[in-house]
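Please read the structure below before turning to the comments.
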Amino acid sequence: MGSHVSGMSELKKYFTRFGYLPISDNNFTDSFDSQFESAVVLYQTKLGLPVTGKLDSDTITTIMSPRCGVSDTTTHNIHATKHYSYFSGKPRWARITPMTLTYAFSRTNMIDYISFPDIKVVFKRAFSRWSSVIPVNFREIDEYASADIRIGFYHGDHGDGEAFDGVLGVLAHSFSPENGRFHLDAAETWAVDFKTVKSRAAVDLESVATHEIGHVLGLAHTSVKEAVMYPSLSPRTKKADLKIDDVQGVQALYGSNPNFKYSSLLESENSSNHAIALNSRSSMWTIYLLVLVFILFLIT
């Protein structure tokens, strides 16, 4: 607080971009002022970080991570604790339940280094993740203009007021119901299989697709880091499995798929958490053993 650091103005632009500072004439200074401190606190709260009001390592790491382009603060959260949130007004698709939403791919705004059939398979899986938990089906059609959800890859300024920024940074964005626009940054190195893509900047297409479908359905960002609807995603990371937070949020909008069982999801999450805990304990024991060996070496 009160410090002047070269480059602070760029951070202020970032915080404005995602809704933490009011839009101004872009005449940002490099001063860490009280308004910026309040923005940092709000950012840390929204993204489930330790609330320090400082640009600590956790905060900077999160800021530097590639992320979704949807603002974090044009939403409302009906819970006082960490949880899912919705767009302002809590919009949803107003159709007869069970509903079917159609989707189509732009024929002119696509990428050519992943085959179209492979892209279609990835999106079919991403849509099915959501349809498995809510009474909403998704059907691909050829008529792009008449589809409920319209998917395309775009470069830079593509006419919707939300220009893409090149490699990493903002990965994609989509709009709340019933808009249906779903845009991905064509400048990214998209991947469907990290084994065949060696780029350190590769981004998992299925993970981003699953996240953006959540926005299309009406979910905004969550502060639960493990959830699909958390705003950031590191390169070469796959995070496409819905978590309890994602499921509870979308079911509050559309109800539950009659075939969905929470017990299977709870079992899956518990198994994952148990594996993480075992790996953590294993790492700690490795450190203890190394320290013990070092002490014995000093004694002898």
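What follows draws every value from the coordinates through simple rules; no lab data is involved. Worth saying up front: this structure is predicted, and the values here are computed from it rather than measured. Using ideal geometry, Cβ is built from the backbone for each residue, glycine included, and neighbour counts are taken over all protein chains shown.
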Next item on the list: Determine, from the Cβ-Cβ distance of Thr45 and Asp241 and an R0 of 35 Å, the FRET efficiency 1/(1 + (r/R0)^6), rounded to the nearest 0.05.
Entry: 0.85
Check: What residues qualify as long-range amide H neighbours of Asn137, i.e. H under 5 Å apart, gap of 5 or more or another chain, H built at 1.01 Å from N?
Finding: Met99, Thr100, Leu101
Check: How many percent of all Cα-Cα pairs in the range 98-229 sit more than 23 Å apart?
Finding: 29 percent
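Can you tell me which of 103-116, 176-189 comes out highest on packing, and rank the rest after it, using the mean Cβ neighbours within 10 Å?
Numbers: 103-116: 13.9, 176-189: 20.1.
Per-residue mean Cβ counts within 10 Å order the peptides as 176-189, 103-116.
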Check: Each residue of the range 159-167 in turn: what ³J(HN,Hα) in whole Hz from Karplus with 6.51, -1.76, 1.60 and θ = phi - 60°, glycine and Pro shown as x?
Finding: x, 10, x, 10, 5, 7, 10, x, 4
Next item on the list: Amide H neighbours of His83 under 5 Å, at least 5 residues apart or on other chains, H built in the peptide plane: list them.
Entry: Ser223, Val224
Notebook entry, point to check: According to a simple spin-label model (label point 7 Å from Cα along Cα-to-Cβ), what is the distance in nm between Asp58 and Ala163?
Noted result: 3.5 nm
Notebook entry, point to check: For the range 8-64, what is Rg from Cα atoms divided by 2.2 N^0.38 Å, rounded to two decimals?
Noted result: 1.03
Next item on the list: For the range 219-225, just list the computed ³J(HN,Hα) in residue order, Karplus coefficients 6.51, -1.76 and 1.60, θ = phi - 60°, integers in Hz, with x standing in for Gly and Pro.
Entry: 7, 9, 7, 10, 9, 7, 4
Checklist line | Rough spin-label spacing in nm, given labels placed 7 Å along Cα→Cβ, for Ser115 and His83 | finding: 4.6 nm
Notebook entry, point to check: How many nm separate the modelled label positions at Thr108 and Gln248, each set 7 Å beyond the Cα in the direction of the Cβ?
Noted result: 4.5 nm
Next item on the list: Please compute the net charge surrounding Met99, taking Lys and Arg as +1 and Asp and Glu as -1 over other residues with Cβ under 14 Å from its Cβ.
Entry: +1
Next item on the list: Please list the non-local residues whose amide H lies under 5 Å from the amide H of Phe260, H modeled 1.01 Å from N, same-chain partners needing a gap of 5 or more.
Entry: none
Check: Using a ≥ b ≥ c from the Cα gyration tensor of the range 136-198 (square roots of the eigenvalues), is it rounded, prolate or oblate, where a/c under 1.5 gives rounded and otherwise the larger of a/b and b/c decides, a/b for prolate?
Finding: oblate
Margin query: Between Ala201 and Asp33, what's the calculated FRET efficiency when r is the beta-carbon distance and R0 is 30 Å? Round to 0.05.
Written below: 0.35
Note to self: Could you derive backbone 3J(HN,Hα) for the range 127-134 from the dihedral phi with the Karplus parameters 6.51, -1.76 and 1.60 (θ = phi - 60°), listing whole Hz in sequence and x where the residue is Gly or Pro?
What the structure shows: 5, 5, 4, 6, 5, 6, 10, 10
Next item on the list: For the range 75-254, compute the number of Lys pairs whose alpha carbons are separated by less than 24 Å, excluding pairs fewer than 8 positions apart on the same chain.
Entry: 23
Check: So what's the Cα pair-distance distribution over the range 33-174, bin width 5 Å, in %?
Finding: 2, 7, 12, 15, 18, 17, 12, 9, 6, 2, 0
